[in-house]
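Taking it in order: structure first as structure tokens, then the write-up.
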Amino acid sequence: MTNHRVTGDCATTENCMAGDPLPHSLDLISDYLATYQPPHDAWDPGGDWERRFVVWVPLRGAYGGSWDSGSLRMARARTRSGGADFLVALDLRTWRPACVAGTRSIIHWDKPDSLDGPWQWQSDFELTDASGKRIPDSQVSVNGHFASATMHFKGKHDRTIRTSPKLVNGWMLFDLVQRLPFDAAPMEFDLMEESELLKPRQRLRAGQPVGILLGGRQMTLHCFEQTGEGILPRTYWLDDQHRLLFVTGGFRNYLHDPREVKP
């Protein structure tokens, strides 16, 4: 993929607004944006949907070029009780040895518009080799539930953790940001990153929109910025229809895959 370096001179790049270069969280993925084609179809963030993302590792210079390290597939389905079920499939390629780390999670969120739960989840992890064969003894399953400021884990070893009254599974944020108004008030919560790691004292706030040319279309991208203990700052970028396009920050970025299969 062709590198696309952004400079402060807007005469040399199309990805500028009012003479400014791209913010760092978009410049980080500028080589991906150079050939990206944004979706055109109608979008209902509160309905049932299926999404596919590229897991993008942004590298520069002496560290080599950026590369596609895997895929993230997510699906949301509303329940009759007013909740929502999420299916998450994360596949990450590793170099040494060459294998794929696969995680499958099912998350049930009783109140999708509330940060204080309750919600439940189950995750299954395994490694497969280059031929797709399961690697022995690599399978791990964990499940649990959150309610009343308490997270209960069930697996090889059961445990209970006290948290703040507001705890969010990290994958649930991919859904939540799509249903927030672009000028939403800041939100504070604890985070269960990838259904496993507790990261306390998180803050999500609305950021500044950015004008950008993507796939020959002039667009406005809106964002929410997440900061907190134990994480690198993360930015969620959405289009005018509140569709999440990019989640950027750090070594692992989740970028909308234009090849996604529509439900």
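The values are calculated or read from the model by the stated rules, or taken from the named source; none is laboratory data. In this text, all values refer to a predicted model and were calculated from it rather than measured experimentally. Neighbour counts run over all protein chains shown; Cβ positions are idealised from the backbone, glycine included.
If you go through segment 122-167 one residue at a time, how many are outside any strand (DSSP E or B) and of a type outside the set (A, V, I, L, M, F, W, C)?
Result for segment 122-167: 16.
Of everything in segment 95-135, what is surrounded by 14 or more Cβ atoms within 10 Å (Cβ to Cβ) and on the phi > 0 side of the Ramachandran plot? Give them in sequence order.
G117
State whether the residues of segment 97-119 include one that is modelled with pLDDT under 90, over 22 Å from the mean Cα position of the chain (by Cα) and farther than 17 Å from T163 by Cα.
yes
Residues of segment 156-205 being surrounded by 14 or more Cβ atoms within 10 Å (Cβ to Cβ), of a type in the set (D, E, K, R) and under 23 Å from R52 (Cα atoms), which ones?
D175, E193, E194, E196
Specify the residue that is nearest to T150 (Cα to Cα); the eligible residues are those in segment 98-116 that are touching a residue at least 24 places away in the same chain (Cβ under 8 Å) and hydroxyl-bearing (S, T, Y).
S105
Give all pairs with beta carbons closer than 6 Å in which a residue from segment 84-97 that is under 12 Å from A130 (Cβ atoms) meets a residue that is of a type in the set (S, T, Y); count only pairs at least 6 apart in sequence or on separate chains.
Qualifying pairs under 6 Å: R93/S69.
Could you go through segment 142-154 and let me know if any residue there is surrounded by 13 or more Cβ atoms within 10 Å (Cβ to Cβ), more than 24 Å from the chain's Cα centre (by Cα) and at pLDDT below 90.
yes
Give the number of residues within segment 23-48 that are surrounded by fewer than 18 Cβ atoms within 10 Å (Cβ to Cβ) and of a type in the set (A, V, I, L, M, F, W, C).
3
Restricting to segment 35-59, count the residues that are part of a loop (DSSP other than H, G, I, E, B) and touching a residue at least 24 places away in the same chain (Cβ under 8 Å).
13
In segment 237-263, how many residues are touching a residue at least 40 places away in the same chain (Cβ under 8 Å) and over 14 Å from V55 (Cα atoms)? If you could, list the steps in order and put the result at the bottom.
The first filter runs over segment 237-263 and keeps only residues touching a residue at least 40 places away in the same chain (Cβ under 8 Å), leaving 237-239, 241-249, 251-263.
Filter once more, keeping what is over 14 Å from V55 (Cα atoms): 237-239, 241-244, 261-263.
Counting residues in segment 237-263 that are touching a residue at least 40 places away in the same chain (Cβ under 8 Å) and over 14 Å from V55 (Cα atoms) gives 10.
If I ask for residues that are closer than 15 Å to Y236 by Cα and not basic (K, R), which ones from segment 194-210 would you list?
Q202, L204, A206, G207, Q208, P209, V210
Just checking, how many residues over segment 95-121 are part of a loop (DSSP other than H, G, I, E, B), within 19 Å of L180 (Cα to Cα) and among the hydrophobic types (A, V, I, L, M, F, W, C)?
Total satisfying the criteria: 1.
I'd like the residue in segment 60-94 that is touching a strand residue (DSSP E or B) at 6+ places or on another chain (Cβ under 7 Å) and in a loop (DSSP other than H, G, I, E, B) and, out of all such residues, is surrounded by the fewest Cβ atoms within 10 Å (Cβ to Cβ).
Filtering segment 60-94 for residues that are touching a strand residue (DSSP E or B) at 6+ places or on another chain (Cβ under 7 Å) and in a loop (DSSP other than H, G, I, E, B), the one surrounded by the fewest Cβ atoms within 10 Å (Cβ to Cβ) comes out as T79.
List every residue pair whose Cβ atoms sit under 6 Å apart, with the two residues 6 or more apart in sequence or on different chains, where the first one lies in segment 117-141 and is free of Cβ contacts under 8 Å to residues at least 60 places away in the same chain and the second, anywhere, is polar (S, T, N, Q).
Within 6 Å, the pairs are Q122/N143; D124/S141; F125/T103; E126/S138; E126/Q139; L127/S138; R134/T128.
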